[in-house]
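Input: a single structure, listed below in structure tokens.
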Amino acid sequence: MKIGLYPGCSFEGSSREYAESLRAIAPALGVELEEVEGWNCCGASSAHSLDHTLSLALPAKILAQAEAQKMEELAVPCAACFNRLASTRTELAADSSVRATVAGMINMPYAGTTAVRNILEVLNRVLTPDAGKSLPKSFPHKVACYYGCLLVRPKSVVHHERMEDPMEMDDLMKRIGATPIDWAMKTECCGASFSITRTDIVGRLGGRILEDAAARGAEAIIVACPMCHSNLDMRRKEIERVVGKKFNIPVLYVTQAIGIALGIEPKALGLQRHFVAVALEGKNKVPQNAPARRSAAVS
Amino acid sequence: MFESSVEERENSLSDLLLRTSGVSVQRCYQCGKCSAGCPAASEMDIAPSVVLRLLQTKSEEAERRVLSSYAVWLCLACQTCVARCPMEVDLPKAMDLLRAESLRRHLVHPNAKDIVAFHTSFIHTIKRFGRLWEIGLIAEYKLRTRHFWQDVVVAPVMLQKGKLSLIPSFHKSFVSRIFSRIQKQKEYSA
Amino acid sequence: MSRIGVFICHCGENISATVDCEKVAKTVAGVPGVAHSVDYKYMCSDPGQNLIRQAIKEKELTGVVVAACSPRMHEPTFRRTCAESGLNPFLCEMANLREHCSWVHAKGDATTKKAADLVSMMVEKVKRNKPLFPIKVPVTKTALVIGGGIAGIQAALDIANAGQKVIMVEHDPSIGGHMSQLSETFPTLDCSQCILTPRMVEIAQHQNITLYTYAEVESLTGFIGNFTARIRKKAKSIDEKACTGCGECATACPIKKIPSEFNARLGLRSAIYIPFPQAVPNKPVIDRTRCSYFKTGKCKFCQTKCPANAIHFDQQDELIDIEVGSVVVATGFNIKETSFFPEYGYGKYKDVLTGLQFERLLSASGPTLGEPRRPSDGTVPKKIVFIACAGSRDPAKGIEYCSKICCMYTAKHAMLYKHKVHDGDAYVFYMDIRAGGKGYDEFVRRAIEEDQVNYIRGRVSRVYERGEKLIVRGADTLLGAQPVEIEADMVVLATAGIANDGAEELAQKLHVSYDAHHFFSEAHPKLRPVETNTAGIFLAGACQAPKDIPDSVGQASAAASKVLGLFSADELTREPLIAVVNRSAPPVFSTCVGCFTCQTACPYNAIEREEIKTRDGMLIKTVAKVNSGLCQGCGTCVAFCRSKSIDLQGYSNEQVYAEVMEVLA
Amino acid sequence: MDSQFEPKILAFVCNWCTYAGADLTGTSRIKYATNVRIVRFPCTGRIDYNLLLRAFAQGADGIIVSGCHPNDCHYTSGNFHARRRWMVFRQMMEYMGIDMRRVKFSWVSAAEGAKWAEVVNSAVADVRELGPSKAFQAMAREVA
């Protein structure tokens, strides 16, 4: 399957391992990723916090570029970027006059023909249940799937029918042999946008999440969002300070978990980049060599 | 304590909200479900549902209270409130507009200066490089806020773990042009 | 040649002030066919009416036009006057000179001219009026009551005690409805079953009442006074005559793990079961969807154990046609399940209950014998949170309306809990307390002041499990909406009251209208609250909207009195202003070509097919025929008829065309 | 000063809503133009639109058709049928050269006395604008 890719800024910096792990598993899953040329930042929470037009123009530019490259679908690994792009797409679809203004701003034609997909949608499509069977059930770990806010809300943009209790990541994990736990913090906010400005809030909110996951015996928290990851991993010290407790539970990107299951060696998945050490290993850990990958490959 | 006035004003914030973003604050029947679910409510000086109540009064004083509140800046845009609101009042959308107004009317709450500084720095880096460059962002943020010692722990580790790039991936791009176009249009409409 | 008499009324000054009545009388006197034209100060007064009576006799009038006030005011008066002097009342029409002319126009020629026009229009109409005779329809003095809850029971008893026959159809194995599930009732806290069961028994024993349980209305045809209902008696697989209700069968039944409907799924029942100890009738039924014999063809344990060998696996559904004169719909309501609230735990937390489930926990006949215990581990909850408006007043979830009963039963629940668990804490999250009703607000105050139930004004955002506890995240809107977090042992949702499943289909079977939420609609929200828009069909209880017991009982008695009023005469008299299909001599018989467009147009299914046959039964043609009992005289069919074969008595094509032509002439 | 044109307006109304509404206009003594003549029907559903044609042919200058508001019909659905049939029929009338501004379709309930006066007055005003309805009459005469 060939699909467009909008990496998003963090892919080049704070969430490198996400990029690495995604690129590492892609061939094994038979996914070919085509990057949006000369992509720009989506504006994140800052743009829509200060300037509505800007918060539309930046994502619109990205979508317009994707259209120019004839992409039918655009995979967006970062949940925050996904949400900005999807929101923009919805708002522009709803109002032709806004569409016109924004097209003027970015000085590019915009039709809204490119669909926006988050990483879970994409992975669930390639790792279909039967494809899943052919996957090694070799990630035998108890995991807490953490979705956060932006993969499931708001209704008007994401149209998620199990908004309060999403399951798609849990399903993915089951397919690679993990046992996802039923926990309460799946979609509670981690305070992402205050990572730098109000670290104390991040500490409190992140604390609630880690506590529940740990209390229910999860060996790892699985995420699909660089913001969530940096808050729960990089900000671990602050969290521990606020909660007054130590947690050694690692936080993995969904792509890393799959990578481990596929037997891809840790370095290629960027596990060493985490602040909280990842001790998890795949069952029948295959040494990194081509045949192993091919055997795991699904087309 | 302020007295809520009943006198109807032209171009009250609630009218503005309805016109520009289609959010009707009058729909709110003050059940408080938003405040109950809001992860930042405990930090806020005015709870989300109270923000709506103040806007419902349409009184100048109430609106000033909203625009100069810390609450509007503490909204995480996590969308929990609107997701569960029985009347489907899109608070996060309203918050965006309220922040913009708060800036425009120079009513930003003192404690919110850092948050504003962060957002501004963020947008500046994008304007300059088209993409986010963490070090650039942090640097500018620190200059704006003088929080020089914050994150001295994290940053080096990030560097060493290769999570920070010292040179921005430079895309002298169209983005700065987008900014100027928006600026022009603003002056035009103003 | 018709001889029309015209009588112009001054109505004191009301008409004559702006209309020159004499002039009108003179002008109209000139209209061909007018044999008599006078004006008088008060036509509705005795002397005025006498003028009419005399003229009819002396001038041998064939029609009368009274030009006075609105016909909606005095038409009956003057038609009676005519009838008294031997003129068919339907040969009398009124011209509305007051409301439609003198009161709305200034004095002047234009006004007088209009008055004259209005009168001559009526003259032209009356010339074409035909003598009509009131329609008499016989009344079958038996009422069908659908639903055996408190509303149905009340209506049935009222009708039966007044000496009329009642047939009650209940869809469950026992009558009693939701009230039989309740523990104690607000605001007096008397035990629900204690006041209900005697009435249930009375139903079963009343000589005027025939009871069909485990039965449904298959169809309803006919019209007021003359309905035919087809009842499906579902096979109970039991010979009710033989069965003694000993209950051996239920004990014998190996399938015992079926969630009990009566206990709101908190208790279990067997596949052959009596829903609850006080059930009426107190005979079991076999739930064929669960019974292992019906599923696998093996078992029959119950049959072998039955001392009366009353169990018949081969029993079939039975269809019964009954004649009834009137119908009372009392099918009640239902409640939303907790699964409606993902944010409150998707119905996956065992200790998040609906109000009805909590009633069962409080009820002495319930699964815990009246002790509130957690379904999860059987412990007594020490801290319990009640959430009002769970689903009601929630447009986002598709229910805008207030369910009306929740405020009161929530107060009752909290109160009863405190009575049973003295050291327990009860919290109620509410938006408004709607306690309108005799002694209701006092009741709520008692819960707050005497029983120290903690009322917190605010909606709950989320409920989730942490260990043994349920974490309830709410806000106190009276304290600036500051967040409140309660570690509860049990959460009770006052879920919305909704229409019963199948309400829509039933409404369509009965041809009664229903609202967007499938509650049945009354004919008029204020002045006709128990009638439906179909004559002879009445509403009682929560099938119309969520109601508490007093309201349901009140409406039931009201419906009963409507039925009794209908049954007070042997015949119904109806105005003959109805549609008719023309008939003519052979070989045409009727200009109707049998396209039956009229049938699709008629709101009352009043149009039937009639086959015209030769003596030796050969079909000549099929034509439309109006059922005079069903037709309400709207005339829609007339407008639809392509061959102008169907016409409306009193508003015939001929009549209205004549009116129009006259005024434009 | 020349006398202004006084149009002949016919009003076909239902007995339960608009006729009663017009009664209320009377009892509340609200004044309106004398040009209108009301013809009473049980329900707008009863109105056969050929009657409108005949009326125009006979020299009516304008016609008002008025009944119960949607869902308020005494016969539950009569007014809907009227409306639906009207949609079809109006095209035919236009085709026959009748200026549709001469026909006013309105909903006046038994409680809307004032509204009835407005309906009549605006109808009279509009038709006065248009002047006498000649064209169609002429045509009708030819056909006859």
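FYI, it's all coordinate maths here, none of it is from the lab. Fair warning: this is a prediction, and the values are worked out from it, not measured in the lab. Please note: Cβ atoms are built from the backbone with ideal geometry, for glycine as well, and neighbour counts cover all protein chains shown.
Numbers below:
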{"quantity": "Charge dipole magnitude, Cβ of K and R +1, D and E -1 - region C:130-184, Cα centre, debye nearest 20", "calculated": "620 debye"}
{"quantity": "Per DSSP, loop trypsin sites (Lys or Arg not before Pro) in region B:88-136 with at most 16 further Cβ within 10 Å", "calculated": "B:R105"}
{"quantity": "Calculated SAXS-style log₁₀ I(q)/I(0) at q = 0.18, 0.22 Å⁻¹ - region C:4-127, Debye, Cα scatterers", "calculated": "-0.82, -1.25"}
{"quantity": "Anisotropy class of chain A from Cα gyration tensor, a/c 1.5 cut", "calculated": "oblate"}
{"quantity": "Pair C:S85, C:I135: separation of 7 Å Cα→Cβ label points (nm)", "calculated": "3.1 nm"}
{"quantity": "Given 10 as the ceiling on other Cβ atoms within 10 Å, longest exposed-site-free region of chain C for GluC sites (Glu not before Pro) in DSSP loops", "calculated": "C:14-449"}
{"quantity": "Reduced Cα scattering model of region C:278-324, Debye log10 I(q)/I(0), q = 0.24, 0.26, 0.29, 0.33 Å⁻¹", "calculated": "-1.04, -1.12, -1.21, -1.27"}
{"quantity": "37 °C / 0.692 mPa s Stokes-Einstein diffusion coefficient of the protein assembly as shown, Kirkwood radius on C-alpha pairs, µm²/s", "calculated": "88 µm²/s"}
{"quantity": "Relative contact order (%) - criterion: Cα under 8 Å, at least six apart; region: chain C", "calculated": "13 percent"}
{"quantity": "Cα centroid separation, region C:291-307 to region C:173-192 (Å)", "calculated": "34 Å"}
{"quantity": "Dipole magnitude of region B:1-115 about its Cα centre (Cβ charges: Lys, Arg +1; Asp, Glu -1), debye to nearest 20", "calculated": "240 debye"}
{"quantity": "In nm, spacing of pseudo-spin labels at C:K350 and C:T210 (7 Å Cα→C-beta vector)", "calculated": "4.8 nm"}
{"quantity": "Global form of region C:334-498, assessed from the alpha-carbon gyration tensor, a/c cut-off 1.5", "calculated": "rounded"}
{"quantity": "Compactness of region A:52-147 as Cα Rg over 2.2 N^0.38 Å, two decimals", "calculated": "1.37"}
{"quantity": "Extreme residue, positive dipole direction of the protein assembly as shown, given options A:N118, C:C407, C:A156 (C-beta unit charges)", "calculated": "A:N118"}
{"quantity": "Once the Cα gyration tensor of region C:173-319 is diagonalised, semi-axes √(5λ) in Å", "calculated": "27, 23, 15"}
{"quantity": "Loop-resident sites, region A:139-219, for GluC sites (Glu not before Pro), counting at most 12 other Cβ within 10 Å (DSSP)", "calculated": "A:E161"}
{"quantity": "Residues C:T573, C:T111 arranged by fewest to most Cβ contacts within 10 Å", "calculated": "C:T573, C:T111"}
{"quantity": "Region C:569-665: trypsin sites (Lys or Arg not before Pro) in DSSP loop, at most 16 other beta carbons within 10 Å", "calculated": "C:R583, C:R615, C:R642, C:K644"}
{"quantity": "Charge dipole (the protein assembly as shown, unit charges on Cβ, about Cα centre) - positive-most of A:Q256, C:Y455, B:T125", "calculated": "A:Q256"}
{"quantity": "Pairs of alpha carbons in region C:389-475 whose separation is greater than 16 Å (percent)", "calculated": "59 percent"}
{"quantity": "Amide proton proximity set for A:I222, modelled H, under 5 Å, gap of 5+", "calculated": "A:A144, A:C145, A:Y146, A:L252"}
{"quantity": "Cα principal axis extents for region C:559-599, largest first, Å", "calculated": "49, 22, 14"}
{"quantity": "Principal axis dimensions, chain C - Cα atoms, whole angstrom, descending", "calculated": "97, 75, 42"}
{"quantity": "Label-point separation in nm, D:L130 to C:L527, each point 7 Å along Cα→Cβ", "calculated": "3.5 nm"}
{"quantity": "Reciprocal of mean inverse Cα separation for region B:1-150 (Kirkwood radius, Å)", "calculated": "16.5 Å"}
{"quantity": "Once the Cα gyration tensor of region C:579-649 is diagonalised, semi-axes √(5λ) in Å", "calculated": "22, 12, 10"}
{"quantity": "5 Å-binned pair-distance histogram of region C:195-267 (Cα, whole percent)", "calculated": "3, 10, 10, 17, 23, 17, 10, 5, 3, 1"}
{"quantity": "Chain C, dipole about Cα centre (Lys/Arg Cβ +1, Asp/Glu Cβ -1), debye to the nearest 20", "calculated": "1020 debye"}
{"quantity": "Rounded if a/c under 1.5, otherwise prolate or oblate - region A:130-286, Cα gyration tensor axes", "calculated": "oblate"}
